[in-house]
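The values are calculated or read from the model by the stated rules, or taken from the named source; none is laboratory data. Everything numeric in this text was worked out from a predicted model, so none of it was measured. Counting neighbours? That spans all protein chains shown, and the Cβs are built from the backbone with ideal geometry, glycine included. Surface areas here come from the heavy atoms of the whole protein model, side chains and all, with no ligands, DNA or RNA. Shrake-Rupley method; radii C 1.70, N 1.55, O 1.52, S 1.80 Å.
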Amino acid sequence: MSPAPRLHLVTDRPQATSGQETAGGPLWDVPVPLTGPSAAPPPFPVDVFPRWLGDMVTGVARFTQTDPAMAGTLAVAVLSACAGGRLEVEPVAGWREPVNVFAAVIAGPGERKSPVHRAMTAPLFAAQSTLSEAMRPRIAEAAALRDIADRQAEQAKAAAAKATDPGKRDDAAAEAVAAAIAAEAITVPGLPKLIVDDATPEVLINLMAANGGRMAIISDEGGIFDTLAGRYSGAPNLDPYLKGHAGQPMSNERVTREAAAVDKPALTVCVMAQPSVLRKFGGNADLAGRGLPARFLFALPRSLAGYRAVDMPPVPEPVTAGYRHRIHDLAATLAEWEDRAVVVLTPEAGTVRRAAAEQVEAELRPGGSLYDMREWGNKLSGATLRLAGLLHVAHHPADAWRQPIDADRMADAVRLAEFFAAHYRAALTTIGSDTAIENARYVLGVLTTKGMTTFTRRELHRKVSRRLPKSDEVSAVLAELAALGWVRNGADGRYELHPRATAEDPGSVDTLTPTPHGDVSAAHDGHEAVNGPR
């Protein structure tokens, strides 16, 4: 899941009949294996993007020395922020699927989430500024007209109150009412918003109501998960998320404030969170019972820490400029639309979609790959259509709404959906994982890579203090490792590491260091490397 090493401390080598090993001292018992995930989820298929977007994803991944899955998933969210609420996919008559998505990138601390977030979301903030500057004169004009109308309404009300003649009083009252209605009819718009970092559910509904029903929350922190888990309220309002994903009407009814209603909401969410935040979010029974985690597309980038090159050149300016220009114009143009465009599939794309949907249905049966995650699998065919719509927009940013989705884009969407399916399964593993065992794997990895065959608790604490800042936490892990037979107290009061942990025989103990899945400097299929070979 997160940048955890692939730890498979399981031996296939025949064990000694005595069940004990020696290292020049007292006999050791064979330790209990600390078995990690059986396989890492697949890499992000960057080649589903057009060159202008694929080169940006690859360039950001190379510059930040991160897994392309991080920038790639953010690219999907950025496309959703542009087209969500403005485009719908109609695979068959009577079924229209919106294209806004929920996504979550799960990575540990220090994995450079913020630099990737800044690079990929910058054009959205630029488009937001462009829209705001264009709106300021209209806001000033409306504010002035509203102020004049309010003053006139107050004067008419005062005149009606002073009238003593019954006939004149009735006429003055009618004029006062008409003036009040006229003033109320003048709406002063707020500055446009395309993207926010965080918002309570109530504020989110108001933001969506003020921005045509659309909003994108794209954050490099996991605060939204905390909010949904009840940080501000023991029973948070999930309507803007559940209905914002499905496009169902919603409102924010409050006695003490004016209600905000959204007829066709379209919410985009992309959260970059640590595994501990994912466990809290995914393990919340109330959220799971209402199907919120099942609406997310998870990506678990591989950690490249320890294998990262330093002082990498930035993304080439032509690549950055092309990305910013297209996303800026796409976001600014679609933000002004009031109606939604509907795109259909070509007959060939329809064939691809049906085959994929039939396969999904088969995998939902007992024994199928989606059977144990049916709450997510039931939404997979719809999610695939949403991805197809977003890829269609990426490949045709100037006129996607004027042409149907072809078979290539539909096939690419199926591949991207398969990526997210594998990563959702890995996310489930993380949600249900045992923190004590994960900490034990981490500490054992540190002991092994640092060659700490003997050590004190204090020496170990200095090596692992970032993850385990409290000495009690280190003591608890040592107790766990001792119970499993990987460490023991020596005669001199120092701890000893089981010799099997540092065995040189590759068949006895798997490596305890992260293994990156390929060089991020390599170009994705179908695109040249933007920086050339490293």
Only Lys, Arg, Asp and Glu count, each charged at its Cβ (+1, +1, -1, -1), so figure out the dipole size of the chain about its Cα centre, rounded to 20 debye.
840 debye
With all protein chains present and a 1.4 Å probe, the order of Arg500, Arg466 from largest accessible area down is Arg466, Arg500
In terms of Cα to Cα distance under 26 Å, which lysines are near enough to Lys157, apart from those fewer than 8 places away along the same chain?
Lys168
Just tell me the longest site-free run in the chain, where the sites are GluC sites (Glu not before Pro) in a DSSP loop having at most 16 other beta-carbon atoms within 10 Å.
1-252
In terms of Cα to Cα distance under 24 Å, which lysines are near enough to Lys379, apart from those fewer than 8 places away along the same chain?
Lys243, Lys264, Lys280
Excluding residues fewer than 8 positions from Lys450 in its own chain, the lysines with Cα under 28 Å of it are Lys113, Lys463, Lys470
In whole Hz and in residue order, list the ³J(HN,Hα) couplings for the range 459-472 that follow from phi through the Karplus curve 6.51 cos²θ - 1.76 cosθ + 1.60, θ = phi - 60°; x for Gly and Pro.
4, 5, 4, 4, 7, 10, 5, 5, 8, 10, x, 9, 5, 4
Label-point separation (nm) for Asp492 and Gln155, each offset 7 Å from Cα along Cα-to-Cβ?
9.6 nm
If you take the charge dipole of the chain about its Cα centre, with +1 on Lys and Arg Cβ and -1 on Asp and Glu Cβ, which of Ala331, Ala144, Pro41 is farthest toward its positive end?
Pro41
In whole percent, what relative contact order does the chain give with Cα contacts below 8 Å and a gap of six or more residues?
26 percent
Just going by the charge dipole of the range 32-102, with Lys and Arg at +1 and Asp and Glu at -1 on Cβ, which of Thr73, Leu53, Phe63 is farthest out on the positive end?
Phe63
Can you compute the charge dipole magnitude of the range 53-141 about its Cα centre, using +1 on each Lys and Arg Cβ and -1 on each Asp and Glu Cβ, nothing else charged? Give it in debye, rounded to the nearest 20.
260 debye
Nitroxide proxy distance, nm - points 7 Å out along Cα→Cβ at Leu145 and Trp337
2.7 nm
SASA check, Ile139, accessible area w/ 1.4 Å probe, all protein chains in place, rounded to nearest 10 Å², comes out at 30 Å²
Only four residue types carry charge here, +1 at the Cβ of Lys and Arg and -1 at the Cβ of Asp and Glu. Report the dipole size of the range 308-377 about the Cα centre in Debye, rounded to the nearest 20.
160 debye
Rolling a 1.4 angstrom probe over the protein chains, ignoring ligands and nucleic acids, what is the accessible area of Lys264 in square angstrom, nearest 10?
120 Å²
Using the beta-carbon distance between Ala479 and Asp286 and R0 = 35 Å, what value does 1/(1 + (r/R0)^6) give for FRET efficiency, to the nearest 0.05?
0.55
Tell me the accessible surface of His423 in square angstrom (1.4 angstrom probe, heavy atoms of protein chains only), to the nearest ten.
0 Å²
Go through (i) 23, 58, 18, 0; (ii) 19, 45, 25, 9, 2, 0; (iii) 18, 41, 25, 13, 3, 0 and flag the label whose value is the computed P(r) over Cα pairs in 20 Å bins from 0, in percent for this structure.
(ii)
Quick check on the chain: of the DSSP beta bridges with both residues there, what percent are antiparallel, nearest 5%?
40 percent
